[in-house]
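Please treat every number below as a calculation from the coordinates, not as lab data. The model shown is predicted, which means the values in this text are computed figures rather than measured ones. Ideal geometry is used to build each Cβ from the backbone, glycine not excepted, and the neighbour counts take in all protein chains shown.
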């Protein structure tokens, strides 16, 4: 089976810092490390994407890993990806109100600092199943 590559371009924007608390939980860090191969930096890089519902298409066409929640938390799906040479993943919380024009990227490093990104910068993320 050949791997299908999917490239997403979006604009960097600042979020509400809610993901940082989630990514600091031991059970989350452990599951992410086992499923995508790295321990995540405590925070996400948010991208505003021009095409709504791209997340649904990604999840349908690729084989996401699932983060199983502890009581009181939602489940999330994640897809391995790359930003340039940096290994990362797209994380998608399974929340009905989750915006369809947004992607959250996790990585073992602070992507904003590593890549000198600021709000409004365009970034390309490569997903390979």
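Annotations
- Peptides ranked, highest mean first, by Cβ atoms within 10 Å: ranges 93-104, 74-85: 74-85, 93-104
- Between residue 5 and residue 118, the distance separating the two model label sites (each 7 Å from Cα on the Cα→Cβ line) works out to 3.1 nm.
- Calculated mean residue ellipticity at 222 nm for the chain: -5500 deg cm²/dmol, from DSSP H runs with n ≥ 4 weighted as -39500 (n - 2.57), summed, divided by the residue count and rounded to 500.
- With contacts taken as Cα pairs under 8 Å and at least 6 residues apart, region 5-128 reaches a relative contact order of 36 percent.
- Cα-based Kirkwood hydrodynamic radius, the chain, one decimal, Å: 14.7
- Computed FRET value (nearest 0.05) for residue 35 with residue 13, which takes r as the C-beta separation and R₀ as 25 Å: 0.45
- Highest-first arrangement of 37-50, 19-32, where packing means the average Cβ count within 10 Å: 37-50, 19-32
- Calculated FRET value between residue 68 and residue 128, using beta carbons and R₀ = 25 Å, to 0.05: 0.55
- Percent RCO, i.e. relative contact order, over region 8-50, from Cα pairs under 8 Å lying at least 6 residues apart: 58
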